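Trainee: Structure below; questions to follow.
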Amino acid sequence: MTAPRRHFHEELRTIEQQLVLMAGMAERAVGRAVDALVRNDIALAAEVVADDQLIDEKYLLIHEKWLETMALQTPVAIDLRLMSSVLHLLVTLERMGDQATNIAKIVKSIEGHAREPVILEHLREMGDLVQPMVRTAMEAFVQRDFALALRVPEMDEPVNRLNRSMTNDVARCAPDQEVLEWAVPMLMVSRALERVGDQAVDIAEQVAFLLTGEFQEFTRPDTESYDH
Amino acid sequence: MAADDRGIVIAPAGVPGSVEETGPVTHAMETVDMSVSYGSFRAVKNVSLQFRDHQITALIGPSGCGKSTVLRAFNRMNDLIPTSRVEGRVLFHGADIYEESVDPVEVRRRVGMVFQKPNPFPKSIYDNVAWGAKVNGYKGNMDDLVEQSLRQAALWDEVDDKLDQSGLSLSGGQQQRLCIARTIAVKPEIILMDEPTSALDPIATLRIEELIQELKQRYTIIIVTHNMQQAARASDFTAFLNMDQDRAGRVIEFEATAELFTRPAKKETEDYITGRFG
Ligand SMILES: Nc1ncnc2c1ncn2[C@@H]1O[C@H](COP(=O)(O)OP(=O)(O)OP(=O)(O)O)[C@@H](O)[C@H]1O
Ligand SMILES: [Mg+2]
């Protein structure tokens, strides 16, 4: 006997593939925004801002398909949990795109200011840390790999540490008014990258929900003092 | 909660999210290691289920797994099939309905049944409802009983001005509600329903589902349905039956409906309800 809902399950796979594409777009947007910052590349920053529309379009496309599937197929059990996770990931990835846009807009706003290499280095490092987090979380999602999902919150720790030390990094610029003017917005960049890390942890939590049916919040050391 | 290898299941402790009930949980109907055979063919085996008072329990499973067979065992309808044999115990308020001393007619009065196809008698609407009560020697006011039963079946407003018309003149959905009124009129405690909406259109189906929700205030309901969405919408508990290699049906999982349709414990249940079996 062939599986009676083969067509529906193919649809679910299509939605999942689209979501993976969207995750790639959001992750690359974050990477490019950090590149634009580090290289002081205004044209690249403008591109990141413009390309956010592509992420939004993807969002709408997947959301449309999602609604249709819910209406027509009434999924249950693992399929229902998958649909629930998909919606959650969809919103999370859209916001990740917004964080990339925020960073890129800051790059444009501070054009021409004197820069502080240590801060730039820390932000570049944060960018290098959060991108693999997103990839790992999505890989755990695609592979339905619980153990891999659990690695994501661990990867978040150095990101949080760098974000916390950013205040000191910025304060050290205080004697030089011009550098300080450049450095204060870097707190926002740091905060945006820390949010991307949290979003990757969110995705990993969704993987745990998908696989177990129970929602569990992964421990996020030292982020509690920030409001989200 | 899932059945063990012998199909032994203990009733779920409570419906998640529902208001904590006061008082002990009681079961109107319970089977202990029940098997039903037709001649030498064992159709269902080792069924142990407990049906809670004033709750709706759905039986789901693939065609031929024995849902109707199980349901018929609950009011000795299988007695009417000469080759059939029931083993194990079927307890109605703790007493075995297959004891020698038990009158099957009395069992069928207290455990009523609504069938797949509406089957009103070719008589007036009034007589359809009054008939069973008359046979049972009902002494009260018959007009009141008919009205009360039709009201409970959510049909009164549509037929109160034509009680003398033939039951067969009603629409399919109305006929099914008439059959429910007929069942209610003899004051059963349990109502068994075997695919009660499979012959109805979607609106009539939803009306019956609404009605079932109303009826659970007064009755314990056990419903067989092919429509998984119906089980999900209309029941508090769901038992999933499947066939073994020897084609005998058994209980795979018995759980609060919301739990079964979001987090089934058994892979076999998941494969069935998500349409992945085969
Ligand atoms: N009167 C009968 N005589 C002999 N075998 C029967 C009889 N009624 C049912 N069976 C057999 O018992 C098994 C269970 O049948 P049953 O009608 O209980 O299944 P079901 O789950 O209600 O199926 P469906 O969903 O198609 O109504 C089947 O193999 C069927 O062929
Ligand atoms: Mg049947």
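Trainee: Looking only at chain B, where both bridge partners belong to it, what percent of the DSSP beta bridges are antiparallel (to the nearest 5)?
Mentor: Within chain B, antiparallel bridges account for around 60 percent of the total.
Trainee: Can you list the residues, at least 5 places off or on another chain, whose amide H is less than 5 Å from the amide H of B:GLY61, using H built in the peptide plane?
Mentor: Long-range HN contacts for B:GLY61: B:LEU241.
Trainee: If amide H atoms are built 1.01 Å from N in the plane of the peptide, which residues on other chains or at least 5 residues away come under 5 Å of the amide H of B:GLY88?
Mentor: Sorted by chain and number, the residues that satisfy this are B:SER35.
Trainee: Right, here's the next one. Am I reading the A/B interface right? What is its buried accessible area, both sides, 1.4 Å probe, to the nearest 100 Å²?
Mentor: 1200
Trainee: Per residue of B:246-252, count partner chain C-beta atoms within 10 Å of its C-beta, then hand back the mean as an integer.
Mentor: Per residue, the number of nearby Cβ atoms from other chains is 0 on average.
Trainee: Determine the shielding of peptide A:77-84 by partner chains: average, over its residues, the number of Cβ atoms on other chains within 10 angstrom of each Cβ.
Mentor: 4
Trainee: For B:TRP131, B:TRP156, A:TRP182, give me the order by solvent-accessible area with a 1.4 Å probe, most accessible first, ignoring ligands, DNA and RNA.
Mentor: Per-residue accessible area, sorted high to low, gives B:TRP131, B:TRP156, A:TRP182.
Trainee: Which aspartates and glutamates have a Cα less than 13 Å from the Cα of A:LYS65, not counting those fewer than 8 places away in the same chain?
Mentor: A:LYS65 reaches A:GLU10, A:GLU11, A:GLU16, A:GLU57.
Trainee: Would you mind giving the mean number of other chain beta-carbons within 10 Å of the Cβ of each residue in B:263-269, as a whole number?
Mentor: 2
Trainee: Which angle between 0 and 90 degrees, to the nearest 10, do you get for helix A:42-73 versus the longest principal axis of chain A when only C-alpha atoms count?
Mentor: Roughly 20 degrees, rounded to the nearest 10.
Trainee: Can you flag which of B:LYS117/B:LYS266; B:LYS67/B:LYS123; B:LYS134/B:LYS162; B:LYS117/B:LYS139 are past 25 Å Cα-Cα?
Mentor: In this structure, B:LYS117/B:LYS266; B:LYS67/B:LYS123; B:LYS117/B:LYS139 exceed 25 Å between Cα atoms.
Trainee: Binned at 10 Å from 0, what are the whole-percent values of the Cα-Cα distance distribution for the stretch A:132-207, short to long?
Mentor: 21, 36, 22, 15, 5, 0
Trainee: Give me the net charge of B:GLY66's neighbourhood, meaning all other residues with Cβ under 13 Å from the Cβ of B:GLY66; Lys, Arg count +1, Asp, Glu -1.
Mentor: With Lys, Arg at +1 and Asp, Glu at -1, the neighbours total +3.
Trainee: Continuing with the same structure: Give me the accessible area per residue for chain A, probe 1.4 Å, as a whole number in Å².
Mentor: 46
Trainee: Which whole-Hz ³J(HN,Hα) couplings does the stretch B:50-55 yield from phi under the Karplus relation 6.51 cos²θ - 1.76 cosθ + 1.60, θ = phi - 60°, glycine and proline marked x?
Mentor: Taking θ as phi minus 60°, the curve returns 10, 10, 6, 3, 6, 10 Hz for the stretch B:50-55.
Trainee: Expected output is a single nm value to one decimal: the length gained when fully extending between B:ASN136 and B:GLU99, i.e. 0.36 nm times separation in residues minus the C-alpha distance. What is it?
Mentor: Using 0.36 nm per residue and subtracting the Cα-Cα distance, I get 11.1 nm.
Trainee: Does anyone have the angle between helix A:117-143 and the longest principal axis of chain A? Alpha-carbon axes, 0 to 90°, nearest 10?
Mentor: Approximately 0 degrees, to the nearest ten.
Trainee: Rolling a 1.4 angstrom probe over the protein heavy atoms, how many square angstrom per residue are accessible across the stretch B:24-86?
Mentor: Per-residue accessible area for the stretch B:24-86 comes out at 34 Å².
Trainee: Additional query: For the Cα atoms of chain B, what angle does the longest principal axis make with the long axis of helix B:125-135, in degrees from 0 to 90, nearest 10?
Mentor: The angle comes out near 70 degrees.
Trainee: Amide H to amide H under 5 Å from B:MET193: which residues, 5+ apart in sequence or cross-chain, H placed 1.01 Å off N in plane?
Mentor: It is B:VAL114, B:ILE222, B:ILE223, B:VAL224, by chain and number.
Trainee: Something else now. Ignoring ligands, DNA and RNA, what percent of the 1.4 Å accessible area of the protein assembly as shown is carbon and sulfur?
Mentor: Roughly 52 percent, rounded to a whole number.
Trainee: Sort B:231-241, B:23-33, A:137-147, B:42-52 by the packing proxy (mean of other Cβ within 10 Å over each peptide's residues), most packed first.
Mentor: Listed from highest to lowest mean packing, they are B:231-241, B:42-52, A:137-147, B:23-33.
The values are calculated or read from the model by the stated rules, or taken from the named source; none is laboratory data. Every value quoted in this text rests on a predicted model; they were computed, and no experiment measured them. Counting neighbours? That spans all protein chains shown, and the Cβs are built from the backbone with ideal geometry, glycine included. Accessible surface areas use protein heavy atoms only, side chains included; no ligands, DNA or RNA. Shrake-Rupley method; radii C 1.70, N 1.55, O 1.52, S 1.80 Å.
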